[in-house]
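Engineer: Submitted below is the structure of interest, expressed as structure tokens.
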Amino acid sequence: MLSYPYLFSHGFYLYKDLIVPYPPLLILIEAVFFNMFGFTPENLKILAWILIGAADLSVFLILRGILKKTILVVFFLSLFILLQSFFDGHMLWFDFASEIPLLLALFLIFNWLKLKESKILFWIGLFLGL
């Protein structure tokens, strides 16, 4: 997860000089983040924890919108956090980073079903495209 942003930041082109089997958005985000804070494993860990927090917050917002009881929200969020630590290993993976826009799109779909505002559809499409 450090090599693609490092090479991109030092003049290599994605899909021309580097064979990248992933969507380029995470590499671009990492390149900006690492150019600001440095290419170290500690900064990769910080970025991973930021994305983990964003995923947990997204799950919390979705559960709060679906479930009415706070105890159920806390239970399912705790279950998600427990399983997340086993399956993701608290590391930054491309699959894990794609989870956040999908969860945000799901949250917006639930809002659209309640409000029926057409401008929400744009944001749903944007997050699904990401």
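Engineer: Tell me whether the stretch 91-108 contains one or more residues that are within 15 Å of the chain's Cα centre (by Cα) and among the polar types (S, T, N, Q).
Structural biologist: Yes, the stretch 91-108 contains at least one residue that is within 15 Å of the chain's Cα centre (by Cα) and among the polar types (S, T, N, Q).
Engineer: Taking the residues in the stretch 7-37 that are open to solvent by 70 Å² or more (accessible area, probe 1.4 Å), in a helix (DSSP H, G or I) and β-branched (Val, Ile, Thr) as candidates, determine which candidate is modelled with the highest pLDDT.
Structural biologist: Val32
Engineer: Moving to a separate point now. Mind checking whether some residue in the stretch 44-51 is farther than 14 Å from Trp93 by Cβ and part of a helix (DSSP H, G or I)?
Structural biologist: yes
Engineer: Do any residues in the stretch 52-81 that are in contact (Cβ under 8 Å) with a residue 24 or more places away in the chain have Cβ atoms under 9 Å from those of residues that are not in a helix (DSSP H, G or I), where the two are at least six apart or on different chains, and which pairs are they?
Structural biologist: Short answer, once both residue conditions are applied: Ile52/Asp88; Ile52/His90; Ile52/Leu92; Ala55/Asp88.
Engineer: Now a separate question. Taking the stretch 67-92, which residues are at pLDDT 85 or above and open to solvent by 80 Å² or more (accessible area, probe 1.4 Å)?
Structural biologist: Lys69, Thr70, Ile71, Phe75, Phe76, Leu82
Engineer: Can I ask one more? Determine which single condition Leu130 fails, assuming it passes every other condition in (1) in contact (Cβ under 8 Å) with a residue 60 or more places away in the chain; (2) open to solvent by less than 80 Å² (accessible area, probe 1.4 Å).
Structural biologist: For Leu130, the failing item is (2).
Engineer: Does Ile71 satisfy the criteria of being out of contact with any Leu (no Cβ under 9 Å at 6 or more places or on another chain), of a type in the set (A, V, I, L, M, F, W, C) and within 26 Å of Leu126 (Cα to Cα)?
Structural biologist: Working: out of contact with any Leu (no Cβ under 9 Å at 6 or more places or on another chain): yes; of a type in the set (A, V, I, L, M, F, W, C): yes; within 26 Å of Leu126 (Cα to Cα): no.
No, not satisfied.
The values are calculated or read from the model by the stated rules, or taken from the named source; none is laboratory data. Keep in mind that this is a model prediction, so the values were computed, not measured. All Cβ positions, glycine included, derive from the backbone under ideal geometry; neighbour counts span all protein chains shown. The area values use the complete protein model at the heavy-atom level, side chains included, leaving out ligands, DNA and RNA. Shrake-Rupley method; radii C 1.70, N 1.55, O 1.52, S 1.80 Å.
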